[in-house]
Amino acid sequence: MPEALPSPGFLFTVLAFLAMIGPLVMIHELGHYWAARVFGTKVDSFSIGFGRRVASWTDKRGTTWQLAWLPLGGYVKFAGDMDEASAGASPELRGVPEADRGQYFAFKPLWQRSIIVLAGPLINLLLAVVIFAGFNLAYGERTTPPVVAAVMEGSAAEAADFQPGDRILSVDGQNIDAWQDLVAEVTMNPGLPMQVTLLRDGSEREVTLTPAVIEVADRFGNKGRIGRLGVQSTPDFDVRSVGPIEAVGLGFEQTWNTIRSMVKLLGHLITGYRTIDELGGPLKIGKISGEVATLGVPAFISLMALISINLGFINLLPIPMLDGGHLALYAAEAVRGRPLPERAQQWAFMAGFALVVSFMVVVTVNDLASFGVFERGAQLFG
């Protein structure tokens with residue numbers, strides 16, 4: 001195994017993290033802001049970061065644009081909202097005349113509020129599509145046929161009687177059009193049985209096998225668990241130029257496949273197959289951002305696309321405090337024909353806040369543990 005590359009210095013890592021997360025947060029919040037503007041909603045403040053403001057200015061519409069000292073997120077505060085999380089309307093709105101209510105988010109029709117909330121995560125996903133489409137247009141589509149060239153001795157594939165020349169058609173009902181598709185399906189299912197359909201001598205065969213669980217490390221020494229069948233691809237590959245329309249179509253497909261992987265990972269976490277110890281938080285994202293930045297601009301932009309998808313996906317989870325939580329409350333409102341009682345909404349937001357804070361604490365502890373902080377502390381004070 002080649003020696004791991006050294007991680008970049010602290011300052012470079014911080015700058016890379018800011019260059020990564022800052023634009024993604026801004027794009028997300030601009031999605032909310034632009035949608036609000038379309039529907040004539042007054043915006044009090046637009047913030048990148050939380051906490052005390054570092055710099056700010058107020059535009060002619062009365063919106064305060066600010067940069068805060070903790071750059072781990074941001075918010076758009078609509079006029080009349082109780083707080084930055086849009087956890088409800090301010091009591092002051094109860095006395096607003098009917099003629100003036102059109103500018104307030106709380107009085108907007110349900111479908112407009114839903115679009116405004118959905119616009120943030122959606123624009124993060126669309127950003128990933130644009131990035132992927134750009135790479136597809138610049139570099140073309142590189143594919144390797146899903147044909148087995150060799151079977152490793154003692155592997156799960158050998159136990160399932162895979163043979164050189166077998167063509168993989170599907171895995172768990174998911175079509176496999178290229179070797180990259182097979183790798184994506186297998187790596188996400190370490191130790192889990194899989195149903196594989198393969199083509200051999202003109203006839204299809206159904207095979208059930210369980211990928212081995214292996215620990216791998218990237219070129220910087222970051223470790224992770226993946227599944228492995230124990231097969232090798234053919235050395236043949238094809239690089240095909242694509243036009244703008246096809247590049248965008250492939251961008252949507254690549255974004256959707258990434259979301260599928262995230263849904264599968266979430267399912268593994270819920271069922272207990274994977275533990276939350278495998279998740280990383282802001283510190284890990286910062287570390288990886290710095291490392292990938294040393295590999296060049298294309299690699300950094302590729303990582304930005306993946307993190308943008310993560311940001312959009314996580315914000316769509318039905319957890320109060322997140323955009324998905326707002327959408328879940330709006331869905332309940334649509335079913336009931338009226339909003340949930342104010343008390344119920346307050347309890348939901350408090351529960352969501354506790355869940356989000358708890359999650360951040362856990363992943364931050366994971367990050368510190370992965371950096372060896374606790375081991376060094378034990379050695380220092382033990």
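The values are calculated or read from the model by the stated rules, or taken from the named source; none is laboratory data. Fair warning: this is a prediction, and the values are worked out from it, not measured in the lab. Because the Cβ atoms are built from the backbone with ideal geometry, glycine has one as well, and the counts that use them run over all protein chains shown. Side chains are part of the model used for accessible areas, which takes the heavy atoms of the whole protein and leaves out ligands, DNA and RNA. Shrake-Rupley method; radii C 1.70, N 1.55, O 1.52, S 1.80 Å.
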Quick one: is residue 338 within 18 Å of the chain's Cα centre (by Cα), over 27 Å from residue 18 (Cβ atoms) and assigned to a loop (DSSP other than H, G, I, E, B)?
-> no
From the option list 160, 156, 178, 150, single residue qualifying as over 22 Å from residue 213 (Cβ atoms) and at pLDDT 90 or above is 178
Restricting region 223-244 to residues that are hydrophobic (A, V, I, L, M, F, W, C) and under 30 Å from residue 213 (Cα atoms), the one most open to solvent (accessible area, probe 1.4 Å) turns out to be 237
Result of the Cβ filter at 9 Å on region 197-216, keeping first residues that are closer than 12 Å to residue 172 by Cβ and open to solvent by 70 Å² or more (accessible area, probe 1.4 Å) and partners that are part of a strand (DSSP E or B) and of a type outside the set (Phe, Trp, Tyr), at least 6 apart or interchain, is 206/195; 206/196; 206/197; 206/198; 208/194; 208/195; 208/196
All-but-one check, residue 296 against (1) buried (at least 16 other Cβ atoms within 10 Å of the Cβ); (2) under 22 Å from residue 14 (Cβ atoms); (3) not hydrophobic (A, V, I, L, M, F, W, C), failing number (1)
Looking at region 41-64, is at least one residue among the charged types (D, E, K, R), surrounded by 14 or more Cβ atoms within 10 Å (Cβ to Cβ) and part of a helix (DSSP H, G or I)? no
Residue 353 fails exactly one of (1) part of a helix (DSSP H, G or I); (2) within 21 Å of residue 27 (Cα to Cα), namely (2)
Flagged pairs (Cβ under 6 angstrom, 6 or more apart or on separate chains; first in region 290-319, within 16 Å of residue 139 (Cα to Cα) and without any contact (Cβ under 8 Å) to a residue 12 or more places away in the chain; second open to solvent by less than 30 Å² (accessible area, probe 1.4 Å) and not hydroxyl-bearing (Ser, Thr, Tyr)) are 299/292
Filter pass, residue 89 being open to solvent by less than 70 Å² (accessible area, probe 1.4 Å) and at pLDDT below 75
yes
Picked from region 320-344 (must be in contact with a Gly (Cβ under 9 Å, 6 or more places away or on another chain) and open to solvent by 40 Å² or more (accessible area, probe 1.4 Å)), the residue nearest to residue 126 (Cα to Cα) is 321
Contact list, first residue from region 235-249 and under 22 Å from residue 146 (Cβ atoms), second anywhere and open to solvent by 80 Å² or more (accessible area, probe 1.4 Å) and in a helix (DSSP H, G or I), beta-carbon distance below 8 Å, six or more apart or interchain, is 239/139; 242/137
